[in-house]
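In what follows, a structure is listed as structure tokens, so that the remarks can point back to it.
We did not get these values from a lab; they are worked out from the coordinates using the rules stated. Remember, it's a predicted structure, so these values are computed and weren't measured experimentally. Cβ placement follows ideal geometry from the backbone for every residue including glycine, while neighbour counts extend to all protein chains displayed.
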Amino acid sequence: MKTVYVKSLYRDTDSYAGKTVSVAGWIRNIRVSKSFGFIELNDGSFFKNVQIVFGEELENFKDIAKLNISSSLYVEGQLVLTPEAKQPFEIKAEKIVIEGLSSPEYPLQKKRHSMEYLRTIAHLRPRSNTFSAVFRVRSLAAYAIHKFFNERGFVYVHTPIITGSDAEGAGQMFRVTTLDMENPPRTEDGKVDYREDFFGKSTNLTVSGQLEAEVYALAFRNVYTFGPTFRAENSNTPRHAAEFWMIEPEIAFADLEDNMKLAEDMMKYVINYVLENAPEEMAFFNQFIDNTLLDRLQNIVDSEFGRVTYTEAIELLKKSGKEFEYPVEWGMDLQTEHERYLTEEIFKKPVFVINYPKEIKAFYMRLNDDNKTVAAMDLLVPGVGEIIGGSQREERYDVLEKKMEEFGLDKEDYWWYMELRKYGGTKHAGYGLGFERLIMYLTGISNIRDVIPFPRTVGTAEF
Ligand code: 4AD
Ligand code: MG
């Protein structure tokens, strides 16, 4: 049978009306009476089910009547408009082929399940309404990001997953090695000798593609990466994963101002794209996950993002009179509680915090004239906190060199990065958008484990 997607039936209903169509999918619900029955069939192409009506004239009526939820079927029949019913049309089955049986123990029966329970069945949860909507929106948002950057002439660069340098200089890397670590070769001073490794040196999973993106920005001007990144940070929170996807644009002949403009345009573009292209899914999130979601997203598209310096933000937090778990003082790294208070209570919209103390930000950020702060920008959004981290990069060779010394980094590991400052260096900037945090923001889902198909968090790698 040549099948059509249920999504096409919904989008082009009029052209299918009265015609014979074939669909294939899984039973979401089945109700049977003596001589006829109804099946809610979901084919994965669309958030909504299609209703199938079948009667005893089908030769396999009795077999169909016994089917359990999640059995898979082919259905052929006439598409009939049903303007008085809840669903706009149904298919009157002329033929049903049973493809695969399911058992009564299938865990996703009609009742609602907790997100915690659904995490334990990551192989089945994409068949639930919530996850069907989440992962469809995730796919659309990824496409919207590629579309946004490609429309602006950005080149998509694939940066390496296995790398020899720590892009953030923060030592949160997963080591990759071919050595037998039970019995590794050692140098004279007793340290593991990585020169005997496949790569001939110690290597890690990348924490960020930024440094390599800078290489390409200094050749192509505007580039972006979009790939998996890994952090061995032992933080068991609803916003941290050990494996997450990051979008990292890098723009040459550009400063922090250009960087913020790009980030704001990108966020609005993606939000608009998802609102326009996944209206059913977004309405579902608004109804079942967070009923302020649609208003909030629309507000964001219509308003200008806030801006505040780190120093001003510290003052605002101090003046708020709120008792924070971590007391507020200049020089501290903002914690989630501070970030959320700033964006949710003070600004009530997305806000860029810029010019952080140099000690708490990465080595590559451009030193400001005050010698105390760097040209950093974090974008904070209500409900999530930090969604983007970025900066203008230090393009002055000597300043960068001094910074690396202060941070205790081995210049030999970064020799190629330093050379970019020798051969036609230019001011340039970029940022990283955490893709899972974006999906949390777009859907209202509050735990990162529920926006990535197979979450890798502290203590979980069941799948
Ligand atoms: O602020 P981060 O660490 O910045 C960088 O990695 C820069 N190299 C980016 C750049 O300028 N090209 O990470 C960027 C974003 C964060 O704002 C956050 O959204 C996300 O990545 N992120 C995480 N998401 C999930 N789990 C984690 N453990 C994350 N760590 C960072
Ligand atoms: Mg950050």
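Beyond 26 Å between alpha-carbons counts as too far, so tell me which of 268/348; 34/110; 7/95; 19/86; 147/361; 319/348 fall in that bin.
Beyond 26 Å between Cα atoms: 147/361.
Could you calculate the contour length gain from residue 323 to residue 109, that is, 0.36 nm times the residue separation minus the distance between their Cα atoms, to one decimal place in nm?
Full extension of this stretch gives 72.5 nm more.
Please say if segment 316-357 is rounded, prolate or oblate, where rounded means a/c under 1.5 for a ≥ b ≥ c the square roots of the C-alpha gyration tensor eigenvalues, and otherwise the choice is prolate for a/b larger than b/c and oblate otherwise?
Oblate.
Expressed as a whole number of Å, what is the distance separating the alpha-carbon centroids of segment 171-247 and segment 8-47?
Result: 48 Å between the Cα centres.
Near residue 261, within a Cβ-to-Cβ distance under 14 Å, what is the net charge of the other residues, with Lys and Arg +1 and Asp and Glu -1?
-3
Calculated FRET efficiency, residue 56 and residue 29, Cβ-Cβ r, R0 25 Å, to nearest 0.05?
For residue 56 and residue 29, the calculated efficiency is 0.80.
Between the helical axis of 397-406 and the dominant principal axis of the chain, each derived from Cα atoms, what acute angle in degrees is found, rounded to the nearest 10?
Helix 397-406 sits at roughly 90 degrees to that axis.
Per 0.36 nm of contour for each residue apart, how much would the distance between residue 150 and residue 402 grow if the chain were fully extended, relative to their Cα-Cα spacing?
Roughly 87.1 nm would be gained on extension.
Are there any GluC sites (Glu not before Pro) in segment 130-222 that are in a DSSP loop and have at most 16 other Cβ atoms within 10 Å? List them by number.
Hits after loop and neighbour filter: 182, 188.
Quickly rank 155-166, 388-399 as a protection proxy: mean count of other C-beta atoms within 10 Å, highest first.
The packing order, highest mean first, is 388-399, 155-166.
Which trypsin sites (Lys or Arg not before Pro) in segment 155-207 sit in a loop by DSSP (not H, G, I, E or B) and have at most 13 other Cβ atoms within 10 Å of their own Cβ?
191, 201
For segment 61-91, which trypsin sites (Lys or Arg not before Pro) are in a loop by DSSP, counting at most 14 other Cβ atoms within 10 Å?
Sites meeting the loop and neighbour criteria: 66, 86.
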